[in-house]
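For reference, the structure is listed below as structure tokens.
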Amino acid sequence: MKLPPLTGRDRRALALLALCAALFTAVYYWPEQGVPVVGPASSVEQMEQRIRRMRRIAASAPAREELLKKAREELARREKGMILAQTPAQAQAQMLEIVRRVAKSQPETFQMRGAEFGAPRPLGGAYGEMVMTVIVESPIEQLIMFLADVSNQPELVSVSEIQFSQAAGNRKLIPARLTLAAVVPRALVPQKRGGAF
């Protein structure tokens, strides 16, 4: 295939294109004359102040590490009572076992009628909370002892709500609905998902 010969107009356009390319290349690669030499960003006094500040920070590092170590030990001591489980169902089973263990230590007139669990919910940013509701029937003195015994367990279980009903009969047994809460790892709390229509 043979190209047609160039016309005069095409030759002028090519010459103008070559001239523009040469001009662009010269402007782009031309060395700048007014570029200042980069010097120190700060004076000697500023550098001395910076060195003094860095030395103070370095001197306080061992004390900070000691505080961090103490805080980690305290956190480990407090988290020892957390209910550790792989699934929410295992955490619920452990919580039920704790409550049954405390209920068995009460006199015979203390009766645990039933238990139900709520969904795990967030407790701060790093933990979760497992909620359990227990229905009991007992004299008021034994109920108070049960509440004290639950609070004295090594696990982090506490009573978060109490609802009393009217005592029935001459036996003076008070029906009560106790809501207990236990601290669990945050991984057991289900993640909220954005709603889509």
Using the alpha carbon gyration tensor of the chain, what are the three equivalent-ellipsoid semi-axes (square root of 5 times each eigenvalue), largest first, in whole Å? 78, 34, 13
Straight-line reach from Lys172: which lysines have Cα under 25 Å away, leaving out those fewer than 8 places along the same chain? Lys104
Along the Cα→Cβ direction, 7 angstrom out, place labels at Asp10 and Tyr28. What is the inter-label distance in nm? 2.6 nm
Note, region 25-31: 3J(HN,Hα) by Karplus (6.51, -1.76, 1.60, θ = phi - 60°), whole Hz, Gly/Pro = x, goes 4, 5, 5, 5, 9, 5, x
Proxy reagent accessibility, fewest Cβ within 10 Å first, across Lys172, Lys192: Lys192, Lys172
Can you list the residues, at least 5 places off or on another chain, whose amide H is less than 5 Å from the amide H of Ile174, using H built in the peptide plane? Ser138, Ile140
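Quote to one decimal, in nm, the extra length available between Met54 and Arg113 on full extension: 0.36 nm per residue of separation minus the C-alpha distance between them.
Working: separation 59, 0.36 × 59 = 21.24 nm, distance 6.52 nm.
Difference between extended and current length: 14.7 nm.
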Relative to the Cα centre, what is the charge dipole magnitude of the chain, using +1 at the beta carbon of each Lys and Arg, -1 at the beta carbon of each Asp and Glu, and rounding to the nearest 20 debye? 820 debye
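Read the figures in this text as sums done on the coordinates, not as results from a lab. Being a predicted model, the structure only gives us computed values, none of them experimental. No Cβ is skipped: glycine too gets one built from the backbone with ideal geometry, and neighbour counts run over all protein chains shown.
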